[in-house]
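The values are calculated or read from the model by the stated rules, or taken from the named source; none is laboratory data. Being a predicted model, the structure only gives us computed values, none of them experimental. Please note: Cβ atoms are built from the backbone with ideal geometry, for glycine as well, and neighbour counts cover all protein chains shown. Surface accessibility is based on the protein's heavy atoms, side chains included, excluding ligands, DNA and RNA. Shrake-Rupley method; radii C 1.70, N 1.55, O 1.52, S 1.80 Å.
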Amino acid sequence: MDKDFRIYVDRGGNMPQLRYKKWRSATHPYYIRYSGDHPVAIKGPVELLAEDITKTKVFSYAQHEYVSMANIPQE
């Protein structure tokens, strides 16, 4: 997997799309931006982007575990 990518989701937080370049889409406006396989920024509501059952964390491919979204800045 590439080290820098974005995972876009639709307005309901579904249908994830992995993209290596910035993508403008009317149907998928929200995303998590990864750098070095670690989430570094988000765009959109936390409850739609969260990937764990508590809706407060996203997966870090660098650490191989879920990390809190509390310290990830919005773009």
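Taking region 25-51 as the range and being surrounded by fewer than 13 Cβ atoms within 10 Å (Cβ to Cβ) and β-branched (V, I, T) as the test, only T27 passes. Filtering region 1-19 to residues that are under 13 Å from the mean Cα position of the chain (by Cα) and exposed (fewer than 11 other Cβ atoms within 10 Å of the Cβ) leaves only N14. For region 52-62, the criterion of being without any contact (Cβ under 8 Å) to a residue 24 or more places away in the chain, of a type outside the set (D, E, K, R) and open to solvent by less than 40 Å² (accessible area, probe 1.4 Å) is satisfied by at least one residue.
Considering D10, D2, D52, the condition of being at pLDDT 95 or above, of a type in the set (D, E, K, R) and touching a Phe, Trp or Tyr at 6+ places or on another chain (Cβ under 9 Å) is satisfied by D10 alone.
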